[in-house]
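To start, the structure itself, in structure tokens.
Each value in this text was obtained by applying a stated rule to the coordinates, not by laboratory testing. All of these numbers come straight from a predicted model, not from anything done at the bench. Cβ placement follows ideal geometry from the backbone for every residue including glycine, while neighbour counts extend to all protein chains displayed.
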Amino acid sequence: RQLHARRRRVHRFLRTHGTACIQLVDSWESSIDVVAEVTARWTAEHPDRAVVAAEELAAISHMLDVGPQESDWLCHAVFLGGRPVAYQISERVGSTWAVAHFAKSASDESDATVALEHHVASWLHERGVRWWNVEQDLGLAGLREHKSSWKPSRMLRKFEATIT
């Protein structure tokens, strides 16, 4: 009952666009193109987010340099009209845990975001994942409230590590 509105949004999006628009991106080269395009739209709509977007793109580029192909990194994206409008990069950690590291969507595609979250959660669940730690809030207004709206079973404590 608590998630009824979210389920309605997912079903509305899937009735309109179908499930074929939500895809696992097949290569990291394609993933970086998806990330760059969605991030450019996200930043254009909110210029005050440019610093966060640049830092996130740098982190994702570094991730590609390190070699995500050796781990269980996954990039799922929503494509509408042939263009990516949302993405999420997740990683399986162990047999029952996953972490969603990065996610973005164009703000005019909020139903796409909810449908993508649902799709990735279902996809991971089908593969044995029972616990999903979704990205850090990074101090962005509204993100922590958005994550709390999912009614998580628990919130993990935050820690900060520094390299000296």
Quick one: which residues, 5+ away or cross-chain, put their amide H under 5 Å from the amide H of Val25? H built at 1.01 Å from N. Cys75, His76, Ala77
Per 10 Å bin, what is the whole-percent P(r) computed from every C-alpha pair distance within the chain? 9, 38, 40, 12, 1, 0
Test of understanding: what is the full-extension gain from Ser149 to Val93, defined as 0.36 nm times their sequence separation minus their Cα-Cα distance? 17.8 nm
Along principal axes, Cα extents of region 13-66, largest first, whole Å: 36, 29, 11
Using Cα-Cα distances under 8 Å and only pairs 6 or more residues apart, what relative contact order does the chain have, in percent? 23 percent
Could you order peptides 26-32, 74-80 by the average number of other Cβ atoms within 10 Å of their residues, highest first? 74-80, 26-32
Kyte-Doolittle at least 0.0, axis length at least 18 Å by Cα - qualifying DSSP helices, the chain: 50-66
Could the peptides 13-24, 89-100 be put in order, highest first, of the mean number of other beta-carbon atoms found within 10 Å of their residues? 89-100, 13-24
Return the long-range amide H neighbours of His101 (sequence gap of 5 or more, or a different chain), with a cut-off of under 5 Å between placed amide H atoms. Ile89, Ser90, Glu91
